[in-house]
Amino acid sequence: MTTQTRPLDHELIEAAAHVARTRCRGDNHTMAAAGRAQDGRIVTAVNAYHFTGGPCAELVLLGAAAAQGAYELNTIVAVGDRDRGVVPPCGRCRQVLLDYFPDLRVIVGAGERLRTVPLTDLLPESYVWADHQLDTGESESLSTS
Ligand SMILES: [Zn+2]
């Protein structure tokens, strides 16, 4: 683990908490996420629950950010409705976020344990999307069979 304590982005946490308090409704929208874009902007989103596998707030956030021209995110946090506080990303989101933003930082924990960690700390020894390997010049190791 290379976890290094970074200053907490309280404004980002509050942005997600505000959306969780004011925009989450019923069973369809129970989680909010906020992301800090490269240019400093904060983008927010809520999940879109559906029993077929509706996207988590983190995944909706990727599209919402892109729709606003924010293609690079530095930090992300998710907050649950009903005052559940910061909720760490699920396994699917960890993989998707890693594929989109390998250098992303994630706010996790609660109370005194709230902290910002590199996404890679949450997904060690992770799968690397084959198409991305081709882009990084590691294709030779794939074609040696
Ligand atoms: Zn998720």
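The values are calculated or read from the model by the stated rules, or taken from the named source; none is laboratory data. These numbers come from a predicted model, not from an experiment. Because the Cβ atoms are built from the backbone with ideal geometry, glycine has one as well, and the counts that use them run over all protein chains shown. Surface areas here come from the heavy atoms of the whole protein model, side chains and all, with no ligands, DNA or RNA. Shrake-Rupley method; radii C 1.70, N 1.55, O 1.52, S 1.80 Å.
May I have the pair-distance distribution P(r) for the range 1-111, computed from all Cα-Cα distances with 10 Å bins from 0 and rounded to whole percent?
Distribution as computed: 15, 51, 30, 3 percent.
Got a number for carbon plus sulfur as a percent of the chain's accessible area, 1.4 Å probe? Spell out each step's value before the answer.
On the way: 4460 of 8640 Å².
Carbon and sulfur together cover 52 percent of it.
Per the helix-only calculation at 222 nm, which mean residue ellipticity applies to the chain, given -39500 (n - 2.57) for every DSSP H run of n ≥ 4 and division by its residues, nearest 500 deg cm²/dmol?
Details: 6 runs with 49 residues, N = 145.
Using -39500 (n - 2.57) per qualifying helix, the result is -9000 deg cm²/dmol.
Can you give the charge dipole size of the range 82-121 about its Cα centre, rounded to the nearest 20 debye, using +1 on the beta carbon of Lys and Arg and -1 on the beta carbon of Asp and Glu?
It comes to approximately 180 debye.
Given 118, 78, 28, which one lies farthest toward the positive end of the charge dipole of the chain, if we put +1 on the Cβ of every Lys and Arg and -1 on the Cβ of every Asp and Glu?
Among 118, 78, 28, the one farthest towards the positive end of the dipole of the chain is 28.
Excluding residue 54 itself, calculate the net charge of residues whose Cβ lies under 15 Å from the Cβ of residue 54, where each Lys or Arg counts +1 and each Asp or Glu counts -1. Walk me through the intermediate numbers first.
Numbers: positive: 25, 92; negative: 27, 58.
For residues surrounding residue 54, the net value is 0.
Towards the positive end of the charge dipole of the chain, with charges on Cβ (+1 Lys, Arg; -1 Asp, Glu), say which of 63, 96, 42 has the farthest Cα.
In the chain, that residue is 42.
Given charges of +1 on the Cβ of Lys and Arg and -1 on the Cβ of Asp and Glu, with all other atoms neutral, how large is the dipole of the chain about its Cα centre, in debye to the nearest 20?
Values: 13 positive and 18 negative charges, 144 e Å.
Here the chain has a charge dipole of around 700 debye.
Would you look at the GNM of the chain, springs on alpha carbons closer than 10 Å, and say which of 112, 14, 72 moves the most?
Highest fluctuation of the listed residues: 112.
Go ahead and set up a Gaussian network model of the chain, Cα springs under 10 Å, then flag whichever of 95, 38, 68 fluctuates most.
Fluctuation is largest for 68.
Residues of the range 3-143: accessible area per residue at 1.4 Å, in Å²?
Working: 8100 Å² over 141 residues.
With the other protein chains kept in place, the range 3-143 gives 57 Å² per residue.
To check you understand DSSP bridge types, tell me what percent of the beta bridges within the chain (both residues inside) are antiparallel, rounded to 5. Could the numbers behind the result be given before it?
On the way: 18 of 20 bridges.
Restricted to the chain, the bridges split so that about 90 percent are antiparallel.
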